Ligand code: SIN
């Protein structure tokens with residue numbers, strides 16, 4: 001591995017900075033310590049904000065073409081280093097190496113996309129109502145952005161936020177998750193190698209998440225907060241950011257329904273569910289959470305999915321062919337075990353798994369539960385683990401109502417061959433993203449985001465850059 005990518009210091013104003021205290025980053029597979037990383041506090045965050053503010057004076061005025069070219073150089077360096085970046089990601093996050101490579105390429109695709117979008121940030125020239133004035137609309141970068149990213153996609157979520165910010169002409173202060181700062185630091189190193197000017201990207205690793213978050217929201221210099229993580233933390237950040245009327249983009253928790261109608265291609269539905277549910281061992285916001293299967297094919301579905309789940313390979317993400325890896329930490333494990341226990345106590349049946357792996361610590365067996373109902377905790381909470389919770393249904397209206405019976409509104413999935421039903425589902429499912437006959441819907445060209453308590457704003461797509469822009473209207477006579 002290229003050791004230059006294994007950074008342990010904070011990155012502020014183009015400098016790698018040590019702090020008085022450090023924190024350990026563990027490999028979730030064996031709890032071994034893999035790095036000791038600078039532990040930043042509010043004072044480092046303030047330095048980073050000051051550096052970002054200073055850099056904004058020039059970065060905000062560079063040409064779109066220059067910003068685009070620098071983003072493309074960064075993109076290319078990420079692609080050139082994909083193997084090393086993937087290894088870092090797997091040892092700190094746990095996911096299988098092939099999935100880690102997929103994440104690096106997925107993250108990089110946002111950088112390329114926004115390098116291209118940078119060239120298309122246009123204003124407007126409008127007619128005035130009385131004919132003797134000219135109306136100009138300018139699109140300007142909002143300024144310094146505070147970026148707070150999660151541990152489940154430690155590389156891609158940085159790329160998806162930083163790339164549109166930089167494309168718009170903003171500068172950033174990033175707080176990566178304490179569990180996974182190394183992927184973030186490697187991204188900063190490559191941004192530096194790409195020639196992105198000092199102060200444009202600043203990174204403050206920390207275990208003092210709430211203090212650093214507060215330093216970002218309480219600074220009048222920070223004009224926007226972009227956060228991916230839990231709904232509970234998102235709500236706090238929204239409340240805090242009100243003091244400075246900061247813009248916010250919030251990508252929060254989900255509780256995705258996955259509906260299999262009786263006219264569905266059952267093999268395709270099973271494959272789609274496996275892909276959606278077991279990506280990152282069930283630790284994604286868009287993972288299928290409640291699996292509604294029509295009663296006419298329930299028994300056949302159970303048999304097929306049970307067989308597929310029992311064939312999954314568990315182990316160290318670095319080993320070939322492994323599909324299910326450890327959950328991120330003990331809290332994650334405890335939550336999944338609690339949900340399995342409470343649902344079986346309430347009448348659900350374990351068809352596969354249901355326990356910790358006997359062979360590997362920190363791995364929860366991929367689990368299938370039948371006889372789940374919509375009121376059980378497992379159907380009301382985001383599982384964030386490798387558990388399929390099956391609920392039987394008989395009627396379209398009933399299942400749409402059940403699917404919408406949650407405050408979350410991120411992703412929903414449905415399998416059906418009926419084109420008219422597809423249109424009804426698009427209209428009636430209260431979600432920001434809907435996968436129809438597919439279990440995988442994320443890509444850089446599509447707007448990622450939710451409704452209701454799953455958040456606000458969109459990432460990726462032609463809409464993703466607008467969250468980083470202010471509109472200025474000039475009226476000229
Ligand atoms: C997430 O789980 O937060 C992101 C998943 C994705 O981008 O597909």
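Tabulated results
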item: So residue 186, is it in contact with a helix residue (DSSP H, G or I) (Cβ under 8 Å, 6 or more places away or on another chain), outside the structural domain of residue 326 (by TED's automatic domain parsing) and either assigned to a strand (DSSP E or B) or within 16 Å of the ligand (Cβ to nearest atom) (or both); result: no
item: When residues of the range 433-457 are limited to those that are within 13 Å of the ligand (Cβ to nearest atom) and free of Cβ contacts under 8 Å to residues at least 40 places away in the same chain, the one nearest to residue 405 (Cα to Cα); result: 447
item: Residue in the range 189-211 that is surrounded by fewer than 24 Cβ atoms within 10 Å (Cβ to Cβ), under 28 Å from residue 451 (Cβ atoms) and at pLDDT 95 or above present; result: yes
item: Candidates 226, 219, filtered to the one that is in a strand (DSSP E or B), closer than 28 Å to residue 144 by Cα and in the same structural domain as residue 202 (by TED's automatic domain parsing); result: 226
item: Failed criterion for residue 285 (all others in (1) within 18 Å of residue 98 (Cα to Cα); (2) within 16 Å of the ligand (Cβ to nearest atom) hold); result: (1)
item: Enumeration of residues in the range 344-364 that are in contact with a helix residue (DSSP H, G or I) (Cβ under 9 Å, 6 or more places away or on another chain) and either crowded, with 23+ Cβ neighbours inside 10 Å or assigned to a loop (DSSP other than H, G, I, E, B) (or both); result: 346, 348, 353, 354, 355, 362, 363, 364
item: Identity of the residue in the range 246-256, touching a strand residue (DSSP E or B) at 6+ places or on another chain (Cβ under 8 Å) and assigned to a loop (DSSP other than H, G, I, E, B), that ends up farthest from the ligand (Cβ to nearest atom); result: 246
item: Selection status of residue 335, assigned to a helix (DSSP H, G or I) and out of contact with any strand residue (DSSP E or B) (no Cβ under 7 Å at 6 or more places or on another chain); result: yes
item: Condition met for residue 428 (at pLDDT 95 or above, away from the ligand (no atom under 16 Å from the Cβ) and out of contact with any strand residue (DSSP E or B) (no Cβ under 8 Å at 6 or more places or on another chain)); result: yes
item: Among (1) surrounded by fewer than 17 Cβ atoms within 10 Å (Cβ to Cβ); (2) more than 14 Å from the ligand (Cβ to nearest atom); (3) within 25 Å of residue 450 (Cα to Cα), the one test that residue 300 misses; result: (3)
item: Test: residue in the range 397-411 that is in contact with a strand residue (DSSP E or B) (Cβ under 6 Å, 6 or more places away or on another chain), modelled with pLDDT of 95 or more and more than 13 Å from the ligand (Cβ to nearest atom); result: yes
item: Number of the condition not met by residue 273 [criteria: (1) touching a helix residue (DSSP H, G or I) at 6+ places or on another chain (Cβ under 7 Å); (2) surrounded by fewer than 18 Cβ atoms within 10 Å (Cβ to Cβ)]; result: (2)
item: Residue list for the range 178-187, restricted to those being surrounded by 24 or more Cβ atoms within 10 Å (Cβ to Cβ) and over 15 Å from residue 19 (Cβ atoms); result: 180, 182, 183, 184, 186, 187
item: Meets criteria (under 28 Å from the mean Cα position of the chain (by Cα), surrounded by 15 or more Cβ atoms within 10 Å (Cβ to Cβ) and away from the ligand (no atom under 16 Å from the Cβ)) for residue 322; result: yes
item: Listing of helices (runs of 4 or more DSSP H) fully contained in the range 373-444 that carry 3 or more residues being farther than 30 Å from residue 332 by Cβ; result: 396-403, 419-428
item: Residue 259 vs. criteria farther than 28 Å from residue 163 by Cβ, away from the ligand (no atom under 15 Å from the Cβ) and crowded, with 24+ Cβ neighbours inside 10 Å; result: yes
item: Evaluation of residue 345 against (1) closer than 26 Å to residue 409 by Cα; (2) free of Cβ contacts under 8 Å to residues at least 24 places away in the same chain (one fails), failing number; result: (1)
item: Considering residues of the range 4-25 that are without any contact (Cβ under 8 Å) to a residue 40 or more places away in the chain and not in a loop (DSSP other than H, G, I, E, B) only, the residue farthest from residue 318 (Cα to Cα); result: 17
item: Boolean, residue 315 is over 25 Å from residue 414 (Cβ atoms), within 16 Å of the ligand (Cβ to nearest atom) and in the same structural domain as residue 384 (by TED's automatic domain parsing); result: no
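The values are calculated or read from the model by the stated rules, or taken from the named source; none is laboratory data. The structure displayed is predicted, hence computed values, not measured ones. When we count neighbours, we look across all protein chains shown, and the Cβ atoms used for this are built from the backbone with ideal geometry, even at glycine.
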